[in-house]
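The values are calculated or read from the model by the stated rules, or taken from the named source; none is laboratory data. All values reported here derive from a predicted model rather than from experimental measurement. For neighbour counting, all protein chains shown are included, and Cβ atoms are generated from backbone atoms with ideal geometry for every residue, glycine included.
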Amino acid sequence: MIKCSKRIYWIDGLRGFACMMIFFHHFTVGFFPASYGGENAISHMNNGIDIILSQCPLSVLFNGNFWVCVFCLLSGLVQSYKIFGSDSISKISEDMVKRYLRLSLPVFVISIIVFLMMNSNMFYNTRINDVVGSSWLANYYLSKASLSSLLLSSFVSVWISGDNTFSTAFWMLQYIFIGSYITYILAMIVNNKKPRALIVLFVAGLLFYNRQDYYLLFVIGVFIAYIMTYYDMKYKLQIFLGLIFVVTGLFFGGYPSGVTPNNIYHYFNTIGYVKCHILGAALFVFGIYNCRFLIKILESKVLLWLGKISFGIYLIHIPVIFSVTSFIFMKVYGVSERYQMSAGVSFFISLVLIVMLAWLFNKYVEKACGKIIGILVKWISIT
């Protein structure tokens, strides 16, 4: 295949979907904890349906760790695809400089907002936990933060150690940040259609496989981008095999993160949920690449729009759940004493609010950060 830097729109759609599933995951962990922790958590659904869902393959739809794996893999895929389609090393080096600022400045803005909320007692999660009974919801935003911790977390510790002081979702950003530079290095090394390029990726995959963490996803992302760039993937039964990859990927993505399964998933207990989700994400994304009709679905206007604001959704949804969502639940439940209705009302109002805030965040904050980054990079290059 001829090198091409054309934007892959279906990946934007998949990013948007993945971010919404991560929000869905955090909501269910917070308000239906048995859907994550199984019998060890309080059930809030009739006939213990949430306990059953905790290790059901259908739980892939709200298995946040799997969708985090998908998000990481897509990050590596997009970055390496751009490198494979670029004819300028200077553009790559400039992008490497911008990467840290593109991530840290929006995180800093959100952390400032959370800092102000923490110090103004605007989080209501602990006030509802006697009813909800979620250990995750109960053990966060319990104390006020200092200005020094705000600065250190936003610009240093989030990116080095996954510091989650200002959002429990920030643990992933360490992998996104470091993984991006793994992607840059690998993609520049294998930027040619020679057999040794695949050998390099295979060796890198083995090394990161033994680390037992998420960096392997970025190696896989580089590999899929390499296939997309240098090989024309047309073969018999392509769509059929692609669907098999997608379904198999979703099956592995449904391996539970919060319980040790005793159903069909118990055959994979020695592998563990992280590797199951990494395998699932790889099969899922590669399967979509081979299914034209799935690509068309992901290129729909709604999903593309969600993909555009996906970073905002990811950054905003945790503070909203612990503040607005918890507050609405507290008020509705206080009047009705009907748990499922209260949770439903909280969910739908929060969903609309998060999407609206993410749109505003993208329109004003992310664009403003982009202008600041352009000025800083230009200044750095001059000096």
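Hey, can you tell me all the residues within the range 124-151 that are part of a loop (DSSP other than H, G, I, E, B) and within 26 Å of Trp67 (Cα to Cα)?
Step one: list which residues in the range 124-151 are part of a loop (DSSP other than H, G, I, E, B), which gives 124, 133-134, 139-146.
Matches in the range 124-151: Gly133, Ser134, Asn139, Tyr140, Tyr141.
Residue-wise test of (1) of a type in the set (Gly, Ala, Ser); (2) without any contact (Cβ under 8 Å) to a residue 12 or more places away in the chain; (3) over 17 Å from Cys69 (Cα atoms).
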| residue | (1), (2), (3) |
| --- | --- |
| Ser153 | yes, no, yes |
| Trp159 | no, no, yes |
| Phe170 | no, no, no |
| Tyr175 | no, no, no |
| Ile178 | no, no, no |
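Can you pull out the residues in the range 155-170 that are more than 17 Å from Arg102 (Cα to Cα), outside any loop (DSSP other than H, G, I, E, B) and either within 15 Å of the chain's Cα centre (by Cα) or of a type in the set (Lys, Arg) (or both)? If the condition is that a residue be more than 17 Å from Arg102 (Cα to Cα), outside any loop (DSSP other than H, G, I, E, B) and either within 15 Å of the chain's Cα centre (by Cα) or of a type in the set (Lys, Arg) (or both), then Thr168, Ala169 are the ones that fit. Selection within the range 345-369: residues that are surrounded by 14 or more Cβ atoms within 10 Å (Cβ to Cβ) and small (Gly, Ala, Ser). The member of this set that is nearest to the chain's Cα centre (by Cα) is Ala358. Of all residues being crowded, with 24+ Cβ neighbours inside 10 Å and not β-branched (Val, Ile, Thr) in the range 313-325, which is farthest from Cys69 (Cα to Cα)? Just the residue, please. For the range 313-325, the residue satisfying everything is Phe322. Is it true that some residue in the range 116-129 is over 20 Å from Ile22 (Cα atoms), modelled with pLDDT of 95 or more and in contact with an Asp or Glu (Cβ under 8 Å, 6 or more places away or on another chain)? No, that holds for no residue. Just so you know, in the range 175-210 the residues that are polar (S, T, N, Q) and surrounded by fewer than 18 Cβ atoms within 10 Å (Cβ to Cβ) include one that is nearest to the chain's Cα centre (by Cα), and it is Asn210.
Only residues that are of a type in the set (A, V, I, L, M) and closer than 18 Å to Phe322 by Cβ were counted across the range 159-172, and they come to 2. Which of the residues that make up the range 231-272 are part of a helix (DSSP H, G or I), hydrophobic (A, V, I, L, M, F, W, C) and farther than 11 Å from Gly287 by Cβ? Matches in the range 231-272: Phe251, Phe252, Ile264, Phe268. In the range 245-304, the qualifying residues are those that are loosely packed, with under 15 Cβ neighbours inside 10 Å and of a type in the set (D, E, K, R), and the one that is farthest from Pro33 (Cα to Cα) is Arg292.
Which residues, taken from the range 194-226, are in contact with a helix residue (DSSP H, G or I) (Cβ under 9 Å, 6 or more places away or on another chain) and of a type in the set (D, E, K, R)?
Here is the first cut: in the range 194-226, the ones in contact with a helix residue (DSSP H, G or I) (Cβ under 9 Å, 6 or more places away or on another chain) are 197-198, 200-202, 204-205, 207-209, 212-226.
If the condition is that a residue be in contact with a helix residue (DSSP H, G or I) (Cβ under 9 Å, 6 or more places away or on another chain) and of a type in the set (D, E, K, R), then Asp213 is the only one that fits.
In the range 75-105, the qualifying residues are those that are under 26 Å from His25 (Cα atoms) and buried (at least 23 other Cβ atoms within 10 Å of the Cβ), and the one that is farthest from the chain's Cα centre (by Cα) is Leu77.
Reported count of residues in the range 28-68, each being under 17 Å from Ser342 (Cα atoms), surrounded by fewer than 23 Cβ atoms within 10 Å (Cβ to Cβ) and of a type in the set (A, V, I, L, M, F, W, C), is 2. When Phe66, Phe23, Phe17 are checked against the criterion of being in a helix (DSSP H, G or I), among the aromatic types (Phe, Trp, Tyr), at pLDDT 95 or above and touching a Gly at 6+ places or on another chain (Cβ under 6 Å), Phe66 stands alone in meeting it. Here is a check on your reading of the model: is Leu217 assigned to a helix (DSSP H, G or I) and over 23 Å from the mean Cα position of the chain (by Cα)? Taking the combined requirement at face value, the residue does not satisfy it. Quick one: in the range 108-164, of everything that is under 24 Å from Val332 (Cβ atoms) and charged (D, E, K, R), which residue is surrounded by the most Cβ atoms within 10 Å (Cβ to Cβ)? Applying the filter and picking the extreme gives Arg127.
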